[in-house]
Protein chains: 2
Amino acid sequence: MQNISKEDYLSAIYKYRETDGTIKANRIADKLSISNAAVTDMLKKLANDGFVDYKRYKGIRLTKNGEEYAKNMVRRHRIWEVFLHQIVGMPWDKVHEEAHNLEHGASDELINKMEEMLDFPEFDPHGDPIPDKNGLLPKQRHTIPLSLAAKGEAVEVVRVNDFDNSFLKYLSGIGIKLNKKLTIKNVLGFDKSMIISIDNKEVNISSTIAANVFVHRKN
Amino acid sequence: MQNISKEDYLSAIYKYRETDGTIKANRIADKLSISNAAVTDMLKKLANDGFVDYKRYKGIRLTKNGEEYAKNMVRRHRIWEVFLHQIVGMPWDKVHEEAHNLEHGASDELINKMEEMLDFPEFDPHGDPIPDKNGLLPKQRHTIPLSLAAKGEAVEVVRVNDFDNSFLKYLSGIGIKLNKKLTIKNVLGFDKSMIISIDNKEVNISSTIAANVFVHRKN
DNA sequence: GAATTAATTTAAGCAAGCTTAAAATTATTG
DNA sequence: CAATAATTTTAAGCTTGCTTAAATTAATTC
């Protein structure tokens, strides 16, 4: 298979599309750091392959086949992430890039073997859901951005946005990990920054940080 | 890095060159299943990058830099093989192909981490030596092809040629693995096929098979 | 609803890495 | 050593996936 580029497009569409299933060429170009013209080019090929529904100047969405293919790519990526984190001991902020460089190469057999070794994980190290062999996603968890939690609430970290390595590194630095329990001590009015308690230590985090950490209410 | 093709050329040159260090364009083309013209093309680029010494119509050999780069690729490949075999439990005859598809993607950091997990293995699952971080190879072992062993000799399997998956599968099937002890019970005169004893069972192997299994004399 | 702005597509072109066919060079052999 | 054979290179061309610039279409705003 020599579909690395196509696979990257399908993953990006799957990952960054709107809740109604559509995505703009614009956004794809942005996420893949390429020109709009290149996206138009590739969309024609993907449409021709039956992976996307596409009409000139109109919205883009995955077909059933495209959905399946993309979901499998996301599955591959996330299983690699868990494997690298748990088996190889690679830190949180490095697994995404490494997994991206490995996801196109591995055979399905290897992916399935790793999944089994990991005892069929449901979420990757950032809390994103992992589709199983049949494309089924784990039951969705009800989460809110930490920024919406109120003073006094006790919450558990369930997912973080992994758009930036330094962000993840920062989170590790202040002790925020998946499944960590936090208590909101205070929310400052003027900039919405928060004082939260982690492991009985208090830290101050900006509202931008808080908006990218997703939590589950515990009380 | 987008050097997949270049890396494949360098690996092939390293792996398939003659003992005097030279290799013919011919052979590279053959091993990589591409045309001679493509090889000429790439040799110019590799020469330009300082990885090979190359003059039109003349012999090809790696420069010091090329040697280093190639050795590192071989290292990456073989560490993947050991990892897939020992940690993931992938069979002998499948690790080569899988490793080939992963070797370009992994970071040096990951390779080093895997090497450490594996306690710095010196040989891959086929008995080929693994260069260490500094490019040093393990001490060379004195081996002979099994086909040269004589009736009555006791030998230990040290390396096998991995040019063909079905060959490796066949070897597993009759019980031949690395470090296995064998005794040559008989060598048939007319076709040089051998009767050898493995785990107290006698099997008959052709001279071609025997020529691709390398052993160490035990007595 | 016309004008402006934003998004998308077309057009032309480039680099990498391949192909086949023909030409050039080197090697072999009678 | 000349003829033939084998190897290597050049030439022309193809595909993929990208680029920038210009043209087209859609969306927004006055």
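Values for this structure:
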item: Rg/Rg_globular for the stretch A:144-217, with Rg_globular taken as 2.2 N^0.38 Å and Rg from C-alpha atoms; result: 0.96
item: Whole-number percent relative contact order across chain B, with pairs defined as alpha carbons under 8 Å at least 6 apart; result: 15 percent
item: Portion, in percent, of the accessible area of the stretch B:144-217 that falls on carbon or sulfur, probe 1.4 Å; result: 52 percent
item: Carbon and sulfur %, accessible surface of the stretch A:4-62 computed with the full protein complex present, 1.4 Å; result: 45 percent
item: Heavy-atom accessible surface of the stretch B:72-139: percent carbon and sulfur, 1.4 Å; result: 47 percent
item: Cα-based Kirkwood hydrodynamic radius, the protein assembly as shown, one decimal, Å; result: 25.6 Å
item: Surface accessible to a 1.4 Å probe, per residue, for the residues of the protein assembly as shown, Å²; result: 54 Å²
item: Kirkwood Rh in Å, taken over the stretch A:4-62 so that all alpha-carbon pairs contribute; result: 11.1 Å
item: A:Lys64 paired with B:Arg141, simple spin-label distance in nm, labels 7 Å along Cα-to-beta-carbon; result: 5.5 nm
item: Chain pair B, A: total accessible area buried, heavy atoms, 1.4 Å probe, Å²; result: 1400 Å²
item: Gain on full stretching of the segment that runs from A:Ala150 to A:Lys24 - 0.36 nm per residue minus C-alpha separation; result: 41.9 nm
item: Chain lengthening between B:Lys133 and B:Arg217 when straightened (0.36 nm per residue, less Cα-Cα); result: 27.2 nm
item: Per-residue SASA entry for B:Ile4, accessible area with 1.4 Å probe, Å² rounded to 10; result: 80 Å²
item: Copy-to-copy label separations for B:Asn165, where each label sits 7 Å from Cα toward Cβ, in nm and ascending; result: 3.4
item: The stretch A:1-53: relative contact order as a whole-number percent, Cα under 8 Å and 6+ apart; result: 26 percent
item: Interface residues, the stretch B:84-109 - accessible area loss of 40 Å² or more versus chain alone, probe 1.4 Å; result: B:Val88, B:Glu98, B:Leu102, B:Gly105, B:Glu109
item: Cα-Cα over 20 Å, subset of B:Lys71/B:Lys133; B:Lys139/B:Lys218; A:Lys15/A:Lys133; A:Lys45/A:Lys133; A:Lys113/B:Lys177; A:Lys94/A:Lys169; result: A:Lys45/A:Lys133; A:Lys113/B:Lys177
item: Rg over Rh [alpha-carbon atoms, Kirkwood Rh] for the stretch B:72-139; result: 0.91
item: For the stretch A:71-140, size of Cβ-based charge dipole, Lys and Arg +1, Asp and Glu -1, in debye; result: 160 debye
item: Distance histogram in 10 Å bins (all Cα pairs of the stretch A:106-174, percent per bin); result: 16, 38, 32, 12, 2
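The values are calculated or read from the model by the stated rules, or taken from the named source; none is laboratory data. Everything numeric in this text was worked out from a predicted model, so none of it was measured. Please note: Cβ atoms are built from the backbone with ideal geometry, for glycine as well, and neighbour counts cover all protein chains shown. These area figures cover heavy atoms from the full protein model, side chains too; ligands, DNA and RNA do not enter into them. Shrake-Rupley method; radii C 1.70, N 1.55, O 1.52, S 1.80 Å.
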